[in-house]
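The values are calculated or read from the model by the stated rules, or taken from the named source; none is laboratory data. Worth saying up front: this structure is predicted, and the values here are computed from it rather than measured. In this analysis, Cβ positions are derived from the backbone assuming ideal geometry, glycine residues included, and neighbour counts consider all displayed protein chains. Each accessible area value is taken on the protein alone, full model and side chains, heavy atoms only, with ligands, DNA and RNA left out. Shrake-Rupley method; radii C 1.70, N 1.55, O 1.52, S 1.80 Å.
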Amino acid sequence: MSQVYNYRACASLMLLGEHAVVHQGFGICAAIDQFITAKLELRDNKTILIKSSFGTYEGSIGCMPIKEPFSYVIEAINVFSDFISTGFELTLTSGIDPNIGFGSSAAVVVATLGALNLAFFHSTDPDRILKDAIKTVRQVQGFASGCDCAASVYGSTVAFNPRTFEIVKYHHSFDLTATYCGYKTKTALMINFVNQRLKQQPKEIAKIFAEIENLATLGMRALTNNDLHRFGELMTAQQHHMKELGVSNQDLDRLFDLLKSHQAILGAKISGAGGGDCVIGLGAAIVHLPIEMHGAKIIHLKTLPGYYGMS
Ligand code: MEV
């Protein structure tokens with residue numbers, strides 16, 4: 001019987017530091033309780049077969065041209081290619097909604113690299129998986145801080161500095177309420193928009209980045225002190241800077257107001273680059289979404305206290 005290796009990686013949500021982390025300092029990202037599993041079965045030939053609910057892809061060792069919708073998985077295999085000595089079948093099973101910004105691309109890369117490490121190294125070194133995951137994601141989409149990769153690799157809330165690769169892990173588990181506005185704007189577009197503003201108004205935008213960076217640093221202290229009330233206040237403070245950056249909009253402002261006015265919510269903000277996607281609240285709340293917001297959804301999540309792999 002051929003050998004089979006399984007590796008499970010989790011989804012993630014950005015909590016603090018967005019946009020500023022592209023330029024300076026730390027971002028804070030939480031691992032959440034949604035997962036993708038990569039099952040890798042070795043073959044006796046040079047063929048590499050990828051299977052998922054999106055379809056199948058066939059390549060061979062050393063010949064894996066990038067093709068959608070498998071660009072992230074193929075790039076991860078290419079990044080690892082020096083260590084691949086035999087063909088395999090890789091089956092990806094995901095419980096993460098790819099249309100919502102829950103870090104599904106980072107998670108699929110981490111799951112793929114985890115299974116490859118298990119199959120060809122018989123071990124999983126999280127630092128090596130993280131380095132390769134960030135390299136993969138940056139090759140596919142240009143710049144990415146990699147905060148979502150770090151949360152996905154360690155299965156916990158992490159503070160991550162993309163320039164130094166410094167990482168601090170926090171082992172809390174808390175409730176998050178995510179409200180999805182019904183559409184998403186590509187992260188790269190939002191980063192370009194903010195970069196344009198930085199060119200036009202360097203002093204003003206640099207000041208906002210410095211304030212966001214400071215909030216992330218204060219957030220690290222709040223997590224160390226296990227002070228979720230303080231962490232919630234910092235999230236709300238960042239939302240004001242997201243508005244100043246111009247990455248919020250009417251729908252996101254409405255979701256923020258809904259969450260913020262609920263007594264169970266300690267703080268709220270956009271999660272990720274903005275322009276659409278999710279506003280998250282710290283705490284568990286049932287809020288009634290505006291009926292005219294087509295495709296809007298509420299998702300209750302728990303952050304993970306630290307875990308990775310599970311072969
Ligand atoms: C996107 O989730 C968050 C940004 O800070 C980009 C990144 O961290 O790569 C806008």
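Using modelled backbone amide H atoms (1.01 Å from N, in-plane), which distant-in-sequence or interchain residues come within less than 5 Å of residue 276's amide H?
The answer is 185.
How much area per residue is accessible in the stretch 4-170 when the probe is 1.4 Å and only protein heavy atoms are counted (Å²)?
On the way: 6050 Å² over 167 residues.
Here the residues of the stretch 4-170 average 36 Å² of exposed surface.
Give 186/269; 186/297; 67/297; 39/186; 135/302 a once-over and call out the pairs whose C-alpha atoms are over 22 Å from each other.
67/297; 39/186; 135/302, as the Cα separations exceed 22 Å there.
Nearest 20 debye, what's the magnitude of the dipole of the chain about its Cα centre given +1 on Lys and Arg Cβ and -1 on Asp and Glu Cβ?
Computed about the Cα centre, the dipole is about 280 debye.
In square nanometres and to one decimal, what's the mean projected area of the convex hull around the Cα atoms of the stretch 1-101?
One quarter of the hull surface, i.e. the mean projection, equals 8.2 nm².
Can you give me the % of accessible surface on the chain that is carbon or sulfur? Probe 1.4 Å, all protein chains present, nothing else counted.
C and S atoms contribute 52 percent here.
Can you run phi through the Karplus equation (6.51, -1.76, 1.60; θ = phi - 60°) for the stretch 92-100 and list ³J(HN,Hα) in whole Hz, with x for Gly and Pro?
10, 10, 10, x, 9, 5, x, 7, 10
For residue 203, give me every one of the lysines with a C-alpha distance below 23 angstrom, ignoring sequence neighbours fewer than eight places off in its own chain.
Once the sequence-local lysines are set aside, what remains near residue 203 is 243.
Subtracting the Cα-Cα distance from 0.36 nm times the residue separation, let me have the gained length for residue 188 to residue 263 in nm, one decimal.
Gain on stretching residue 188 to residue 263: 23.5 nm.
Note down the nm distance, to one decimal, between modelled labels 7 Å out along Cα→Cβ at residue 123 and at residue 300.
Between residue 123 and residue 300, the label points sit 4.2 nm apart.
Place +1 on the Cβ of every Lys and Arg and -1 on the Cβ of every Asp and Glu in the stretch 4-170, take the dipole about the Cα centre, and give the residue among 56, 139, 100 whose Cα lies farthest towards its positive end.
Final value for the positive-end residue is 139.
Just want the answer: with Cβ charges of +1 for Lys and Arg and -1 for Asp and Glu, which residue in 266, 121, 27 is farthest toward the dipole's positive end in the chain?
27
Given 205, 252, 240, which one lies farthest toward the positive end of the charge dipole of the stretch 199-255, if we put +1 on the Cβ of every Lys and Arg and -1 on the Cβ of every Asp and Glu?
205
What is the gain in length, in nm to one decimal, between residue 56 and residue 226 on full extension, counting 0.36 nm per residue of separation less the C-alpha to C-alpha distance? If you can, show how the numbers build up before the last one.
Details: separation 170, 0.36 × 170 = 61.20 nm, distance 4.50 nm.
Taking 0.36 nm per residue and subtracting the Cα distance, the gain is 56.7 nm.
Contour minus end-to-end for residue 66 and residue 199, with contour as 0.36 nm per residue of separation and end-to-end as the Cα-Cα distance?
Separation in residues times 0.36 nm, less the Cα-Cα distance, equals 44.6 nm.
By accessible area of protein heavy atoms, probe 1.4 Å, what ranking do 43, 163 get, highest first?
163, 43
Would you calculate the separation in nanometres between label points at residue 46 and residue 3, each defined as 7 Å from the Cα along the Cα-to-beta-carbon direction?
Distance between the two pseudo-spin positions: 2.2 nm.
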